[in-house]
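Peer 1: I'd like to ask you about the structure that follows.
The values are calculated or read from the model by the stated rules, or taken from the named source; none is laboratory data. These figures come from a predicted structure and were not determined experimentally. Counting neighbours? That spans all protein chains shown, and the Cβs are built from the backbone with ideal geometry, glycine included.
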Amino acid sequence: MSRWTWTACALALSLAACGGSSQSTTSTVPPAAEPAAPAPPPVPAIPNVPVLYVTNERGGTVTLIDTSKQEVIVTVPLGKRPRGLAVSPDQTRVYVALSGSPIAGPGVDESKLPPPDKGADGIGVVDTKSGKLLTILRAGSDPETVAIGHDGQHAFIANEDTAQASVVNLADGQVVTTVKVGEEPEGIAVSPDGAQLWVTSEDAGAVYVVDLASHKVVKSIDVGPRPRTIAFQPDGSRAYIPSENGATLAVIDAKRLRKLKDIKLGQGMRPMGQVMAPDGKTLYVSTGRSKVVLLIDTATDTVSGSIEAGDRPWGIALSADGRTLYTANGPSNDVSVIDLATKQVTKKIPVGDGPWGVALVQPPL
C-alpha cells in the first residue's frame, strides 16, 4: 500500500469515528421552550363584612382590608396612579380614578417631567363581590377624583389637566358631556339632594357648583387657596371646603350658595380630606403633613379636638356606626385605624406603595 493510500484510509477512518463529514449539517433539535409566565394568584374570597378599599398611587394598586379582622385581604393591580375612588349606591362596584400623568408636587417644573401616558387615563371598575378589576372606562384626561350619582347611573370625574368635569353614563361607559371649571380641579361631590355637582379648583381657590339638569355652572364661590375636598351636612344645608394653603375651612350656605365664614384651624395646618359623622355633629379633617385629624364641632364651627393619625394622612373614611376612623398615610405606606372613643390609633395596617384614597364598602345590598 502506498503512503498516499494509507493516509487517505486513515483520514476516512478518523472522520467516521468522530461522526464527522466533509459537509456541514444543520441541527434539527428545536430550541428549549421559554418557561410559561406564572399565573396571577387567585383573589381570595371577599368576606361578607365592611371592606376598606385603599388606592396606592405609586404602586398602581388597590388594597382591600377586612375591617372585622383589621388585615389585608388582597392587593389588586389596577393601572397607573390610582387616586380618588367612589362606591356605587348598591355597594357592588368601586370606581377608581387612574392617570398616566407623572407624579408632580406643588411647584414642580412640569417641562422637566416625562410625557404623560394618555392611554393609561381612565376609571377602573372593581367588582366588590370578587375583588376583580372588570374594565377601565375612558373618562377624559388625567382623572384625579370621581363621584357617583345617587341613582348610580352616572359617574362624575375631575379632569385635572384640562380644567373640566366629565359626566359618564355608566350603562355604556360613554362620556355624556364635559363641564368647564377652574384650573386644576381636585375635589368632586354630588349634593345630598342629587341636584348639583360641586368641584373645587386648586388654581382658582374656588368651588364650582354645577346644575346637573343643565350641566351648567351656576356659581363659583371663593373659598381660599388650594381647596381640596367637599363635605356636606346630611341635610344638605351646609358644605365645608378645606383650604390647604390657607389653614382654614370654608363654611358654605349650600342653599343660597354663599360663604358664611372661615374656620381657622391653626398655624401650619394643611387641611385636605374630610368625612362627616352620620349625625352631622362632627366633621373629621385630615391634615397631611400636619399629621393629625382635626375634629370640627359643626354646631359651633370650631375645632373641638385633634388626633395624632400618622405620616401625612390624606384619604379618610368613617365606619357606618361612626366609631372607627381610617386614614391613608402616604409616606409610611399604611392605614391608621383610629378608635374614636379613646381618640387613639389602635393599629396601622401596611398596604401598597403610596396610599392615597380610602372608601368603605358595606356588604352588597
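Rundown of residues vs (1) free of Cβ contacts under 8 Å to residues at least 12 places away in the same chain; (2) farther than 24 Å from residue 362 by Cα; (3) surrounded by 20 or more Cβ atoms within 10 Å (Cβ to Cβ), yes/no style:
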residue	(1), (2), (3)
62	no, no, yes
72	no, no, no
140	no, yes, yes
149	no, no, no
169	no, no, no
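Peer 1: Given the options 123, 157, name the one that is more than 30 Å from residue 262 (Cβ to Cβ), touching a Pro at 6+ places or on another chain (Cβ under 8 Å), modelled with pLDDT of 95 or more and among the aliphatic types (A, V, I, L, M).
Peer 2: On the way: 157 fails: more than 30 Å from residue 262 (Cβ to Cβ).
123 is the lone residue from the list that is more than 30 Å from residue 262 (Cβ to Cβ), touching a Pro at 6+ places or on another chain (Cβ under 8 Å), modelled with pLDDT of 95 or more and among the aliphatic types (A, V, I, L, M).
Peer 1: Picking from 320, 299, 341, 309, which residue would you name as being closer than 13 Å to residue 273 by Cβ and of a type outside the set (Phe, Trp, Tyr)?
Peer 2: Working: 320 fails: closer than 13 Å to residue 273 by Cβ; 299 fails: closer than 13 Å to residue 273 by Cβ; 341 fails: closer than 13 Å to residue 273 by Cβ.
The match here is 309.
Peer 1: I want to confirm something. Restricting to region 62-98 and keeping residues that are part of a loop (DSSP other than H, G, I, E, B) and touching a helix residue (DSSP H, G or I) at 6+ places or on another chain (Cβ under 7 Å), which single residue is nearest to residue 330 (Cα to Cα)?
Peer 2: Initially, region 62-98 is screened for residues part of a loop (DSSP other than H, G, I, E, B), giving 67-70, 78-84, 88-92.
Of the ones still in play, those that are also touching a helix residue (DSSP H, G or I) at 6+ places or on another chain (Cβ under 7 Å) are 79-80.
On the way: 79: 18, 80: 16 Å.
Filtering region 62-98 for residues that are part of a loop (DSSP other than H, G, I, E, B) and touching a helix residue (DSSP H, G or I) at 6+ places or on another chain (Cβ under 7 Å), the one nearest to residue 330 (Cα to Cα) comes out as 80.
Peer 1: Next question, about the same structure. Could you list, in sequence order, all residues of region 308-354 that are over 26 Å from residue 234 (Cβ atoms), in contact with a Gly (Cβ under 6 Å, 6 or more places away or on another chain) and not in a loop (DSSP other than H, G, I, E, B)?
Peer 2: Listed by number, the list holds a single entry, 329.
Peer 1: Here is a further query. Name the single residue that is nearest to residue 265 (Cα to Cα) among those in region 233-254 being free of Cβ contacts under 8 Å to residues at least 60 places away in the same chain and not in a strand (DSSP E or B). Explain how you work it out, then say what you get.
Peer 2: We begin by selecting, within region 233-254, every residue free of Cβ contacts under 8 Å to residues at least 60 places away in the same chain; these are 234-237, 239-253.
In the following step, the residues that additionally are not in a strand (DSSP E or B) were identified as 234-237, 244-247.
Values: 234: 22, 235: 24, 236: 23, 237: 22, 244: 10, 245: 11, 246: 9, 247: 6 Å.
Per the criteria, the residue is 247.
Peer 1: Something else: Suppose we filter 192, 185 for residues that are closer than 27 Å to residue 104 by Cβ and surrounded by 14 or more Cβ atoms within 10 Å (Cβ to Cβ); which single one remains?
Peer 2: Values: 192 fails: closer than 27 Å to residue 104 by Cβ.
Within the list 192, 185, the selection yields 185.
Peer 1: Would you check if there is a residue in region 213-220 being under 27 Å from residue 342 (Cβ atoms) and of a type outside the set (Gly, Ala, Ser)?
Peer 2: Pass one, region 213-220, residues under 27 Å from residue 342 (Cβ atoms): none.
There is no residue in region 213-220 that is under 27 Å from residue 342 (Cβ atoms) and of a type outside the set (Gly, Ala, Ser).
Peer 1: Hey, among the residues in region 213-232 that are of a type in the set (Gly, Ala, Ser) and in contact (Cβ under 8 Å) with a residue 24 or more places away in the chain, which one's surrounded by the fewest Cβ atoms within 10 Å (Cβ to Cβ)? Quick ask: steps written out before the conclusion?
Peer 2: Step one: of region 213-232, the residues of a type in the set (Gly, Ala, Ser) are 213-214, 220, 224, 231.
Remaining after also requiring in contact (Cβ under 8 Å) with a residue 24 or more places away in the chain: 220, 224, 231.
Working: 220: 17, 224: 21, 231: 23.
Top of the filtered list is 220.
Peer 1: Could I ask something else about it? Say we look at region 261-301 and pick out the residues that are among the polar types (S, T, N, Q) and out of contact with any strand residue (DSSP E or B) (no Cβ under 7 Å at 6 or more places or on another chain); which of these is modelled with the lowest pLDDT? Outline the logic, then answer.
Peer 2: Here is the first cut: in region 261-301, the residues among the polar types (S, T, N, Q) are 267, 274, 282, 286-287, 290, 298, 300.
Restricting the remaining residues to those that are out of contact with any strand residue (DSSP E or B) (no Cβ under 7 Å at 6 or more places or on another chain) gives 267, 290, 300.
On the way: 267: 91, 290: 95, 300: 98.
Going through the qualifying residues, I end up with 267.
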